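The structure under discussion appears below in the form of structure tokens.
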Amino acid sequence: MIHALYDLVAWAAQPLLRRKLRRRGRAEPGYLQAVEERFGRYGDAPPRPQPAPGAPLVWIHAVSLGETRAAAILLRELRAQWPGMRLLLTHGTATGRAEGARLLQPGDAQVWQPWDTRGATRAFVTRYRPDLGVLMETEIWPNLVRACRRAGVPLVLANARLSEKSLRGARRAAWLLRPAYAGLSAAYAQGEADAERLRAAGAPVAGVLGNLKYDAEAPAALLERGRHWRAQATQPVVMLASSREGEEAEFLRQLKAGAWVAANGAAAAPPQWLLVPRHPQRFDEVAALVAQQGLDLSRRSIWGEGAEGRPQAAAVWLGDSLGEMPAYYALADVALLGGSFEPLGGQNLIEAAACGCPVVMGPHTFNFAEAAEHALAAGAALRVANLAEGLAVAAALARDEARRARMAAAGQAFARQHQGAARRTVEALRDWVDAAAAPGR
């Protein structure tokens, strides 16, 4: 009865979802693409991919941008293990889908995640019949899990994490979520603390395999692009990386108030400030916030490309592009970690460490709790109480070349030390793929 009630609510919410997609589509047209796929209607959708004999059709669900980038790391290892495999890739956000399109090879398919009604999830599983489903990191949907279980599709949670906050939510809704977690075939946790919380939520934890994001390889061309931009700067560069709503306004207020001066002296020239918002639909909004503070701005979108591309002189640079985070980390001398100065859990600091960019993070890093503590212990990151302190510490660090070099080296060593999750995850998935390929399945 409880599941039937949930299904009724999910079914009744479909008009609200359509309205939300129309509203978001005004800022991000990607949300208006192939809308009917979200409701289990696949008239114009790609057909089921056909893998080579003996190879699997692997479905990976990566809800948004960060999960899609983690999926790319896993996919590289999957294709090396099964060259004839085909990929079915699903997402929930427009940025995830745009990033995911880069991962497709001929014969693969990409569609939206089905809305979690019984009908839509059943239609999805019936049409595509994957040999293995891989949910990235946190995505648990009761009807989707149930549809896979009924169809005999093994469904695993990879690179799995669960914060204390999310565990509390799962316990409050245990009547619904505990059966969903328990319905997974396996969960492969990033760390021991994640594994404990996942078990408490009811998931069948089958291993602690590390975080896939340590295995990311920053493209050399992007690092070189960032170093080229850095050569144009006349002052050390301090970046607010992957910033979230509320953080940019506070950053700019503290910048105008001179918070950075405390640790640097009034006579010191200000650093070159760089803002890189997490979500592309907010680029114009953040540019407007800079203008409201009376600060001049130079946007990445007008810098140009190649050897001729260069930032224009301005108090604030705005990174309004997608797929260039390694370049921004190569440009910056210090990165303030977005999402950690509001109670949002923090963004991925592993990429910064691997690129050799020292990190200053705020108090809220529960989404990457283990990585944050490891980075602190390794000497690759510092923690501060708020953005005012963060600006002061980051500005001072940006001018301390010797300390920056030590932190950069510590970050790269820390990132290398924790690599190997992709290989371990593919080894764990091999049993599921072999079972799917067994005669009579």
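Results for (1) closer than 13 Å to L103 by Cβ; (2) crowded, with 16+ Cβ neighbours inside 10 Å, shown as yes or no for each residue.
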| residue | (1), (2) |
| --- | --- |
| P29 | no, no |
| F39 | no, yes |
| G43 | no, no |
| A62 | yes, yes |
| L65 | yes, yes |
| L78 | yes, yes |
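Pairs only if they're at least six apart or on different chains, beta carbon under 7 angstrom, first in segment 66-77 and assigned by TED's automatic domain parsing to the domain that holds D108 and among the acidic types (D, E), second assigned to a helix (DSSP H, G or I) and surrounded by fewer than 24 Cβ atoms within 10 Å (Cβ to Cβ); list them, first residue then second.
Short answer, once both residue conditions are applied: E77/R423; E77/V426.
Tell me which strands (runs of 3 or more DSSP E) are completely within segment 126-211 and hold 1 or more residues being of a type in the set (G, A, S) and farther than 25 Å from L65 by Cα, or say none if there are none.
Counting at least 1 such residues, we get 205-208.
Return yes or no: is A372 assigned by TED's automatic domain parsing to the domain that holds R403, more than 23 Å from P236 (Cα to Cα) and touching a Leu at 6+ places or on another chain (Cβ under 8 Å)?
Criteria met by A372.
Out of A13, A34, report the one residue that is out of contact with any helix residue (DSSP H, G or I) (no Cβ under 8 Å at 6 or more places or on another chain) and on the phi > 0 side of the Ramachandran plot.
A34
Pull out all pairs, ordered by first then second residue, where Cβ-Cβ is under 8 Å, the residues are six or more apart or on different chains, the first lies in segment 369-385 and is within 27 Å of L167 (Cβ to Cβ), and the second is part of a loop (DSSP other than H, G, I, E, B) and among the aliphatic types (A, V, I, L, M).
Correct list of pairs: A371/L349; A372/L349; A375/L349; A381/L349.
Please go through segment 314-333 and pick out each residue that is of a type outside the set (D, E, K, R) and out of contact with any Asp or Glu (no Cβ under 8 Å at 6 or more places or on another chain).
W317, L318, G319, S321, A327, Y328, L331, A332
Going through segment 110-162 one residue at a time, which ones are in contact (Cβ under 8 Å) with a residue 60 or more places away in the chain, surrounded by fewer than 20 Cβ atoms within 10 Å (Cβ to Cβ) and among the small types (G, A, S)?
Within segment 110-162, G119, A123, G152 meet the criteria.
For G226, indicate whether it is in a loop (DSSP other than H, G, I, E, B) and surrounded by 17 or more Cβ atoms within 10 Å (Cβ to Cβ).
no
Tell me yes or no: at least one residue of segment 327-346 is within 25 Å of A195 (Cβ to Cβ), surrounded by fewer than 24 Cβ atoms within 10 Å (Cβ to Cβ) and under 14 Å from the mean Cα position of the chain (by Cα).
Among the residues of segment 327-346, at least one is within 25 Å of A195 (Cβ to Cβ), surrounded by fewer than 24 Cβ atoms within 10 Å (Cβ to Cβ) and under 14 Å from the mean Cα position of the chain (by Cα), which makes the answer yes.
Would you please list the contacts, defined by Cβ atoms under 6 Å and residues six or more apart or on different chains, that run from a residue in segment 7-24 that is touching a residue at least 40 places away in the same chain (Cβ under 8 Å) to a residue that is assigned to a helix (DSSP H, G or I)?
D7/R118; R24/Y31
The values are calculated or read from the model by the stated rules, or taken from the named source; none is laboratory data. Since the structure is predicted, the reported quantities are computational estimates derived from the model, not experimental observations. Don't worry about glycine lacking a Cβ; one is built from the backbone with ideal geometry, like all the others, and counts go over all protein chains shown.
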